[in-house]
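Note sheet for the following structure.
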Amino acid sequence: MQIKGVILHARKEFVKDHFGEESWDKVIGTLPEEDRIVLSEDLLTARWYPFKVGEHLDRAIVDVLGDGSNRIFEEIGVKSAQRNLTKEHRTFITPGDPQAFMKKSGVIYKFYYDMGRREYEETGPTSGVVTTYEAETYSVTDCLTVIGWYKEALKMCGAIEVRACEEECRAKGGSRCRYRFEWEI
């Protein structure tokens, strides 16, 4: 499985913005040489990269900057949404209509991952469930990034008091990754 460079770029940008350039160097310094080479290049946001590079990078961020906690990845998801949904993918945002945005989940997924699929089920006027199926690779950190990304995207569409709950995760033994979102308007 591969991921778009925009995912790796968001992590790099987050680390540099929140911890400084030297922290990025520390993080990539802990990675295998082949990963360091990839991450030392200019990351092309539209290029496909191996999921494993992102997985190794995530683990290094947790170890070097997150004090062993994965929770930093929800904030990375927030920053990624702020960046991507105001630039390359701004056409996905539907001001005043969070449900319309969520219904694009399947299309949006294909811009970030090359395998698997994502579906959205509306469960009420201000709630719904996003489910990822058949992704060949997965991780706890990626799921946390997805949660942060969708929470911020919903806010960008006008939602307030956004809540998210991961109901199932393949990285934790589930058969799929499933996230429940609720919000106020």
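The values are calculated or read from the model by the stated rules, or taken from the named source; none is laboratory data. These figures come from a predicted structure and were not determined experimentally. Positions of Cβ are backbone-derived with ideal geometry, glycine not excepted, and every protein chain shown enters the neighbour counts.
What the table shows:
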quantity	calculated
Residue match in the stretch 84-91 (condition: under 17 Å from the mean Cα position of the chain (by Cα), surrounded by 14 or more Cβ atoms within 10 Å (Cβ to Cβ) and either hydroxyl-bearing (S, T, Y) or not assigned by TED's automatic domain parsing to the domain that holds M156 (or both))	no
Filter result (in a helix (DSSP H, G or I) and surrounded by 15 or more Cβ atoms within 10 Å (Cβ to Cβ)) within the stretch 37-54	V38, L39, F51, K52, V53, G54
Near pairs, Cβ below 6 angstrom, 6+ apart or cross-chain, from the stretch 155-174 (in contact (Cβ under 8 Å) with a residue 12 or more places away in the chain and closer than 16 Å to A100 by Cα) to any residue that is assigned to a strand (DSSP E or B) and aromatic (F, W, Y)	A159/W183; V162/W183
V62 vs. criteria in contact (Cβ under 8 Å) with a residue 60 or more places away in the chain, outside any loop (DSSP other than H, G, I, E, B) and aliphatic (A, V, I, L, M)	yes
Of residues in the stretch 65-78 being outside any helix (DSSP H, G or I) and not charged (D, E, K, R), the one nearest to R36 (Cα to Cα)	L65
Residues being modelled with pLDDT of 95 or more and over 20 Å from E161 (Cβ atoms) - total across the stretch 119-134	3
For V78: the one exception among (1) outside the structural domain of R163 (by TED's automatic domain parsing); (2) farther than 15 Å from S23 by Cβ	(1)
Qualifying residue in the stretch 94-105 (condition: more than 22 Å from K12 (Cβ to Cβ), surrounded by 18 or more Cβ atoms within 10 Å (Cβ to Cβ), outside the structural domain of H18 (by TED's automatic domain parsing) and of a type in the set (A, V, I, L, M))	yes
Answer from E152, E166 - the residue that is among the acidic types (D, E), under 11 Å from R180 (Cα atoms) and within 14 Å of the chain's Cα centre (by Cα)	E166
Matching residues in the stretch 135-164 - criterion: being at pLDDT below 95 and either more than 21 Å from F92 (Cα to Cα) or among the aromatic types (F, W, Y) (or both)	A135, E136, T137, Y138, S139, V140, T141, W149
Cβ pairs under 6 Å, 6+ apart, first in the stretch 65-91 and closer than 15 Å to I147 by Cβ, second modelled with pLDDT of 85 or more and among the basic types (K, R)	I76/R11
Checklist (1) over 15 Å from the mean Cα position of the chain (by Cα); (2) under 18 Å from S80 (Cα atoms) applied to F14, failing item	(1)
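A quick yes/no check of all residues on (1) on the phi > 0 side of the Ramachandran plot; (2) surrounded by fewer than 17 Cβ atoms within 10 Å (Cβ to Cβ); (3) assigned by TED's automatic domain parsing to the domain that holds T91; (4) among the small types (G, A, S):
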| site | (1), (2), (3), (4) |
| --- | --- |
| Y120 | no, no, yes, no |
| T123 | no, yes, yes, no |
| E136 | no, yes, yes, no |
| T141 | no, no, yes, no |
| A159 | no, no, yes, yes |
| E167 | no, yes, yes, no |
| R178 | no, no, yes, no |
